[in-house]
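Engineer: What follows is a structure written as structure tokens; I'll ask about it next.
The values are calculated or read from the model by the stated rules, or taken from the named source; none is laboratory data. Keep in mind that what you see is a predicted model, and the values were worked out from it rather than measured. Here Cβ is always computed from backbone atoms with ideal geometry, including for glycine, and neighbour counts include all displayed protein chains. These accessible areas exclude ligands, DNA and RNA; they are computed on the full protein's heavy atoms, side chains included. Shrake-Rupley method; radii C 1.70, N 1.55, O 1.52, S 1.80 Å.
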Amino acid sequence: MHWITAGIILGLVSPLLAAGIASADELRLPAAVMAREGTVTVAYEMTEPFTGHISLHLHWTDSLGRLVDEQAMSVNVAGKRGISFKIDMAHALAMKNHLRVDAELSGRRGEVAIADEQDTAEADFIARPPFTGWNDYQIMMWHRYPACLLPTLEQLGIDAGEYSGRSKALPDFLIDQNMRWYVESLAPAFYAEYHRWRSDQPKNASFLAAKQQYKHNRDSLAAFKRHPSLEDPAWRQRVHDLSLAIAQRYAPYRPYFYSLSDEPGIAELGAQWDFDFSTYSLAGMRRWLRGQYASLAALNAEWGTQFSAWDQVMPMTTRQAIDRHDQNFAAWADFKAWMDVSFAGALKMGADAVREGDPQAFVGIGGAQKPGWGGYDYARLTKAVTAIEVYDIGRSVDVVHSLNPAIPILGTAFVSGKSQKRQVWHELLHGNRGLILWDPDRSYVDPDGQPTKKGQYAARYYHEIRDGAGALIINSHATDTPIAIHYSQPSLRTQWLLARRAHGSDTAWMHRSATYERTHNHFMRLRESWSNLIEDQGFADHFISYQQLARGDLRQHGYQVLVLPQSSSLSAAEIDAIRQFVKTGGIAIASGMPGTYDEHSRQRAQPALLDLFGPGQTRVVPAAAIGRGASKLQVRRIGKGKAILLTTDIADYLQSRLTGDEKPVHQMLETLLRNNDIRLRFAVEDHNGHAVVGIDTHVFANGGVRIISLQTNPQLRVDELGPPDFQSNKRFDKPFKVDLHLPHAMYLYDVLTRQSLGRRHQLSLTVDPYEPTLLAASDTPLPVLQVDAPRRARRGRIVTIGIHAASTPADVSVFHIDVRNPEGKRMLDYSGNVIAPSGEGSKQFPLALNDAKGPWQVTVHDLLSGQTVTRTMVVE
């Protein structure tokens with residue numbers, strides 16, 4: 001066994017040593033960091049052999065001021081240098097712990113006789129938080145609050161902080177409060193050189209310099225060489241070693257996740273730039289191309305080039321692609337694809353390095369951008385990282401969650417009030433598992449430690465989410481999603497370049513900043529409009545990537561409808577999958593002719609799916625039937641299915657729904673879906689039987705229980721939609737009266753109001769404009785909640801609360817336990833959520849020896865049924 005001596009352990013300084021008082025004897029622990037389970041042996045070691053009588057008194061305290069344990073031992077020994085005793089690590093509650101042993105000795109130490117000699121030995125250790133995966137909702141404060149205000153933040157439901165990965169010191173202000181954190185920006189100079197904080201320059205100083213360099217000499221590639229290159233082996237080794245060292249330093253405290261960088265990108269954020277023509281990158285690209293093409297001859301045939309050796313292969317710049325007239329942009333598109341591969345590979349390298357030092361760590365990036373340029377091909381990124389904080393732009397949350405439901409997604413809150421509450425709930429229901437708060441003004445807590453009005457308002461919905469509702473959603477999974485939207489990075493590249501060519505300038509592209517790409521992006525607006533349109537039919541939007549489509553996931557996941565929004569660039573495998581999907585009964589709806597280009601952005605002689613989407617039966621949905629305007633469809637029956645070409649551009653749907661002008665397009669899709677028997681098992685309709693514009697509905701499966709959420713559905717970033725007429729969510733800032741139709745009579749429970757609604761086949765309800773309605777539906781009544789709690793408990797002992805919802809139809813029950821001391825104070829460290837498979841679970845917490853005596857209240861709340869049981873426990 002390896003022993004750790006008293007003194008400085010993990011940067012924690014014993015108070016005795018700090019005071020300059022030397023202790024002759026030593027306290028030795030088996031490790032500086034220990035798990036919170038089992039017993040460990042602690043040794044009190046003397047400087048010389050001792051014979052006689054020794055009395056030892058152990059005091060175990062933690063950073064929360066708890067007296068965890070006390071032990072006394074009195075023994076006679078002969079010629080011993082050490083005495084051992086055991087501590088039960090299950091009693092550890094805080095990360096930071098301190099042991100002190102007071103000794104009184106009478107006898108002979110070596111050759112010297114002693115009487116009633118008193119000595120003290122001390123040691124610090126870390127009790128590592130247990131690994132629980134990411135099965136609950138976390139709220140983290142980005143800005144640093146004074147240590148004295150952290151307890152108030154915790155009372156508001158904010159349970160974690162942020163700390164720089166590059167700091168050499170530990171965040172003692174968080175550790176002392178037993179608050180975990182996420183590690184911020186391990187290597188921004190590598191991942192975010194073109195958009196990172198600098199004390200004396202703008203964030204994008206390096207990007208501005210590259211642009212200026214290109215303006216000075218457009219014939220040089222110097223401005224297109226990234227510094228540092230993502231393929232530079234020296235930089236990659238440096239980032240690997242740094243990430244490993246940081247992970248080893250923080251692993252004992254189990255951070256929620258490690259962020260390799262904030263707002264990283266190939267260039268600045270999501271801007272398009274012709275990085276990276278460096279030697280390292282070109283060499284990596286050529287190696288990658290060898291795996292994409294069977295031979296150099298195959299590459300030449302695709303690119304329309306005549307390279308005689310692989311080391312001669314050079315891609316096209318954007319300027320060259322714009323000037324090319326044969327509609328073959330493969331040499332440009334493959335280079336852009338390579339940069340996506342390089343960016344994802346660099347992130348995976350850093351994530352792997354972190355997990356070398358902290359094997360169970362979640363590792364990702366913060367401030368992730370909209371799907372598109374800058375390396376943001378989420379088909380690749382969702383396989384490179386294991387956690388991500390993403391800005392919800394261009395449906396990025398839905399894209400990430402669709403492509404990898406297991407990855408923890410975090411959102412960011414920049415504002416407050418009702419709209420922020422609605423957005424936090426919205427993102428949770430769409431896949432988020434946590435929230436990072438941006439609060440530079442420290443506006444949640446006053447300097448005197450009292451919550452502000454903003455803090456009090458936020459605390460109400462923070463607690464709603466953190467006291468079990470978030471865990472219930474996270475531990476269920478989305479179902480009833482028969483519609484898939486094609487997510488195609490190759491098509492994005494092609495459509496972007498075609499739009500730049502139409503502009504008629506080979507230099508205008510370089511002036512498109514990341515913000516401009518966000519606000520002037522027809523491809524992204526079309527994706528968002530399709531998402532809104534599908535949601536306004538009562539369905540949840542769901543994405544399938546170009547990689548997933550190619551490998552056959554369409555039928556595997558049971559989709560009935562495939563939406564192809566300007567899916568101009570398709571691989572042969574994707575084309576085969578779409579054709580087979582339609583022939584076997586699926587419905588494919590295309591905005592724009594799909595497959596006019598291959599996956600390398602080379603135009604085909606004719607569209608690959610012309611046999612599906614070419615001229616067929618043309619249907620015009622008449623204006624008289626649906627109101628102002630008309631929509632034209634080309635419909636072809638292919639085998640058992642249909643291929644539908646939508647000739648109306650619906651990219652403005654997300655704007656028209658704000659002003660009430662969405663009816664032609666909305667009713668066109670409603671009619672199309674209903675006529676083809678694409679229906680919801682849990683349908684939300686108005687009183688006329690139509691799908692409701694502005695209600696976002698999700699159905700989550702949890703064994704035999706279904707959780708139905710209904711929430712108003714405005715535009716989250718309404719300020720980006722052009723003129724002021726389109727910048728108002730007033731239409732959705734009001735209650736909605738709707739009818740919920742169930743597939744058959746079911747027992748309904750209101751999760752947030754904790755009410756049983758009885759057995760219903762239909763429910764008429766009003767949806768609040770800012771807070772969702774959450775309903776649990778079951779074919780059978782949910783079982784009676786049973787709670788086993790001791791009537792009496794001794795301080796210094798571990799309390800076990802047993803919870804049972806026997807024979808529940810749910811796979812996973814979520815129970816919230818609220819523990820209050822005799823003064824009525826909520827004991828946050830003893831309270832929490834229990835994730836209970838099959839309805840069976842327990843909560844254990846170690847009472848401290850200095851906890852208050854008297855009657856404590858233990859309240860258990862079953863999130864699914866709404867039942868609440870309170871037990872009184874007398875602490876002695």
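Engineer: If you keep only loop residues by DSSP, which GluC sites (Glu not before Pro) in segment 103-191 have at most 14 other Cβ atoms within 10 Å of their Cβ?
Structural biologist: Passing both the DSSP loop test and the Cβ count: E111.
Engineer: Using a Förster distance of 60 angstrom, determine the FRET efficiency expected from the C-beta separation of Q844 and M314, and round it to 0.05.
Structural biologist: For R0 = 60 Å, the calculated efficiency reads 0.40.
Engineer: Where both residues lie in the chain, what percent of DSSP beta bridges are antiparallel, nearest 5?
Structural biologist: Bridges in the chain that DSSP calls antiparallel: roughly 75 percent.
Engineer: In vacuum, with every alpha carbon of segment 472-516 counted as one equal point scatterer, what does the Debye formula give for log10 I(q)/I(0) at q = 0.15, 0.18, 0.19 Å⁻¹? Two decimals, please.
Structural biologist: -0.62, -0.70, -0.74
Engineer: Take the Cβ-Cβ distance between L221 and L610 as r, set R0 to 35 Å, and report the resulting FRET efficiency rounded to the nearest 0.05.
Structural biologist: Between L221 and L610 the formula returns 0.35.
Engineer: Shifting gears a bit: Between rounded, prolate and oblate, where does segment 231-308 land on the alpha carbon gyration tensor, with a ≥ b ≥ c its root eigenvalues, rounded for a/c under 1.5, else prolate if a/b exceeds b/c? Each step should come with its number before you reach the end.
Structural biologist: On the way: a/c = 3.08, a/b = 2.36, b/c = 1.31.
Prolate is the answer for segment 231-308, as a/c is 1.5 or above and a/b outweighs b/c.
Engineer: Over the Cα atoms of segment 408-519, what is the Rg over Rh ratio if Rh follows Kirkwood?
Structural biologist: Ratio of gyration radius to Kirkwood radius for segment 408-519: 1.15.
Engineer: Rounded to the nearest 0.05, what FRET efficiency do R555 and T132 give with R0 = 51 Å and r taken as the Cβ-Cβ distance? Could you check?
Structural biologist: The pair R555/T132 has a calculated efficiency of 0.90.
Engineer: Given that compact globular proteins tend to follow 2.2 N^0.38 Å, what is the ratio of the alpha-carbon Rg of segment 54-170 to that value?
Structural biologist: 1.54
Engineer: If I model a spin label at V635 and N688 as a point 7 Å from the Cα along the Cα→Cβ vector, what separation in nanometres do I get?
Structural biologist: 2.2
Engineer: What residue among T47, S206, V397 has its Cα farthest toward the positive end of the dipole of the chain, where the charges are +1 on Lys, Arg and -1 on Asp, Glu, each on the Cβ?
Structural biologist: Going by the Cα projections, it comes out as V397.
Engineer: A follow-up question, please. Just from the alpha-carbon atoms, what are the Rg and Dmax of segment 809-876 in angstroms?
Structural biologist: Cα only, segment 809-876: 13.0, 42 Å (Rg, Dmax).
Engineer: Next question. List the lysines whose alpha-carbon lies under 18 Å from that of K454, not counting same-chain residues fewer than 8 positions away?
Structural biologist: Filter leaves K418, K421.
Engineer: Can you list the lysines whose alpha carbon is less than 27 Å from that of K843, not counting same-chain residues fewer than 8 positions off?
Structural biologist: Hits, sequence-local ones excluded: K86, K96, K825, K853.
Engineer: Right, another one. For K348, list the lysines whose Cα falls under 30 Å from its own Cα; do not include residues on the same chain fewer than 8 positions away.
Structural biologist: K348 reaches K168, K203, K211, K225, K336, K370, K383.
Engineer: In nm, what is the difference between 0.36 nm times the number of residues separating E104 and T872 and their Cα-Cα distance?
Structural biologist: Extra length available between E104 and T872 comes to 272.3 nm.
Engineer: What number, rounded to the nearest 500 deg cm²/dmol, is the helix-based mean residue ellipticity at 222 nm of the chain, given -39500 (n - 2.57) per DSSP H run of at least four residues and division by all its residues?
Structural biologist: Per the formula, -7500 deg cm²/dmol.
Engineer: Decide, for segment 443-578, between rounded, prolate and oblate: order the square roots of the alpha carbon gyration tensor eigenvalues as a ≥ b ≥ c, take rounded if a/c falls under 1.5, and otherwise choose prolate if a/b is larger than b/c, else oblate.
Structural biologist: It comes out oblate by the Cα gyration axes.
Engineer: Can you tell which of Q312, Y280, S243 lies farthest toward the positive end of the dipole of segment 217-321, using +1 and -1 charges on the Cβ of basic and acidic side chains (Lys, Arg; Asp, Glu)?
Structural biologist: S243
Engineer: How much length is gained if the chain between V415 and Q762 is pulled fully straight, taking 0.36 nm per residue apart and subtracting their Cα-Cα distance, in nm to one decimal?
Structural biologist: Length difference between fully extended and current span is 121.2 nm.
Engineer: Let me ask something else about it. Leaving out ligands and nucleic acids, and using a 1.4 Å probe, what accessible area per residue does segment 222-342 come to in Å²?
Structural biologist: So segment 222-342 comes to 35 Å² accessible per residue, rounded to a whole number.
Engineer: Okay, moving on. Positive end of the charge dipole of the chain (Lys, Arg +1 and Asp, Glu -1 on Cβ, about the Cα centre): tell me which of I678, L56, Q548 has its Cα farthest that way.
Structural biologist: Of the candidates, I678 comes out farthest on the positive side.
Engineer: For a test of the definition: using alpha carbon positions, the gyration tensor, and the 1.5 limit on a/c, classify the chain as rounded, prolate or oblate.
Structural biologist: oblate
Engineer: Using DSSP H assignments, which helices in the chain have an axial alpha-carbon span of 15 Å or above and a mean Kyte-Doolittle hydropathy of 0.0 or higher? Before the final figure, lay out the partial values.
Structural biologist: Numbers: long enough: 205-216 (17 Å, -0.68); 233-250 (25 Å, -0.56); 279-292 (20 Å, -0.73); 330-357 (41 Å, 0.21); 418-429 (17 Å, -1.32); 453-464 (17 Å, -1.93); 489-503 (21 Å, -0.85); 522-535 (19 Å, -0.60); 572-583 (16 Å, 0.21); 663-675 (17 Å, -0.53).
Membrane-span-like by this criterion, though nothing is claimed about a membrane: 330-357, 572-583.
Engineer: While we're looking at this one, here's another question. Taking the Cα centre of the chain as the origin, how large is its charge dipole in debye, to the nearest 20, when only Lys and Arg (+1) and Asp and Glu (-1) carry charge on their Cβ atoms?
Structural biologist: In total the dipole reaches around 2060 debye.
Engineer: Among the trypsin sites (Lys or Arg not before Pro) in segment 777-876, which ones are in a DSSP loop with at most 10 other Cβ atoms within 10 Å of the Cβ? Mind listing them?
Structural biologist: Answer by residue number: R791.
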